Structure formats: structure tokens, C-alpha cells
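> Let me give you the structure first, and then I'll get to my questions.
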Amino acid sequence: MYNILFKNLLILNKIIMYRFLLKPAKLNNIAKRLYSTKNYYITPTLEWVNKIEDNIYHIGISQEASSKLGEIVYLDYLDDIDDIIEKGDILGHIESSKAVAEIISPFDCKIIENNLDILDNYEILNEEAENLTKSWLIKIKKNI
């Protein structure tokens, strides 16, 4: 039952994203209301954010971002462990067969870990971008 609900929310999110693409402020509020859970949400820049414990989050790219990018061929982390990052700063780049995309910080944070395992297997991002246990890119601690 939860899988069906989750799939319906994914479809609803895509409809909202396309309909309000030119109104990011409105989209941000609608997306947070309709496509979020207590621990998981997708940002307007199509990164997913998953809370794994108090103030600790994983960041990845959404399935929609992955499909728009095409086959991912390279990932570059710009920041090192313990770097302090501000909201909106670039955390890294994802290069694909179609484009280069930026990974954007959803809030002020500190880098805890970069997922180096993903560098050996981009197929995870191409096939299962929203797999919360395998396809996370960066672990961060939210600054309070």
C-alpha cells in the first residue's frame, strides 16, 4: 500500500514540477506540502534530502533529474570532509551524456562524508537514483 502511495506522490510531483516550472517560489511551497514525508523530500533543484538521524542528512539526485540528465558518466565532489557550506552553495557536479548539473546545498551545513562507493558504480544513479541506502551522494550535518 505504501509503495502505491509513494508512486502516486511521484507522479503528482512531476505534474506539479512541469505546471509550475516558471514559478519556483510557489513550486517550493507546493512541493514541500505534497511531496514530502517527515524524513524525505525533493528540493526545487531536484535533489532529494533524507534525514537519517538528528540533524544528519543524505543528499542525492532525484529520479527525474537522473532521467533528464541521461547516462551519468562522472561525479565530482567540490568540498572536503568538515567543510562548512552555506545554503545554495554548490556541493559538486554531475556530468552526463547530455549536460553537467550542480548538486546544491539545501541548507547551511557541514560535510560529514562523500559517498566514494558511487564513484565506482554510476549505474546506481542511472537506474536507482532515489535508492536511499545506495545512491546517496553526500552526508551532511545541518547547522542549527
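> Taking the square root of 5 times each eigenvalue of the Cα gyration tensor, what semi-axes in Å does the equivalent ellipsoid of region 104-144 have, largest first?
Details: eigenvalues 98, 22, 11 Å².
Square roots of five times the eigenvalues give 22, 11, 7 Å.
> For LYS51, go through the aspartates and glutamates and keep the ones whose alpha-carbon is under 19 Å away, minus same-chain ones fewer than eight residues off.
Cα-Cα hits under 19 Å: ASP82, GLU86, ASP108, GLU113, GLU128, GLU130.
> Moving to a separate point now. Order the peptides 69-75, 41-47 from the highest to the lowest mean number of other Cβ atoms within 10 Å of their residues.
Those peptides, ordered most packed to least, come out 41-47, 69-75.
> Right, another one. Residues in region 83-100 near a label at ASN131, defined as backbone nitrogen under 20 Å from the 7 Å Cα→Cβ point?
94-97
> For SER67, SER62, which order do you get if you count the other beta carbons within 10 Å of each Cβ and list the fewest first? List each step's numbers first, then the result.
Numbers: SER67 10, SER62 21.
Placing the least packed residue first, the sequence is SER67, SER62.
> What are the residues whose amide H is under 5 Å from the amide H of ILE103, where those residues sit 5 or more places off or on another chain and H is modelled from the backbone?
When sequence neighbours closer than 5 places are left aside, the close amide H contacts are LEU91, GLY92, HIS93, ILE94.
> In nm, to one decimal, how far is the modelled label at TYR40 from the one at ASP83, with both set 7 Å along Cα→Cβ?
Going from the TYR40 label point to the ASP83 one covers 2.8 nm.
Every number in this text was worked out from the coordinates using simple rules, so none of it is lab data. All values derive from a computational prediction rather than experimental measurement. Here the Cβ is made from the backbone with ideal geometry for all residues, glycine too, and neighbour counts use every protein chain on show.
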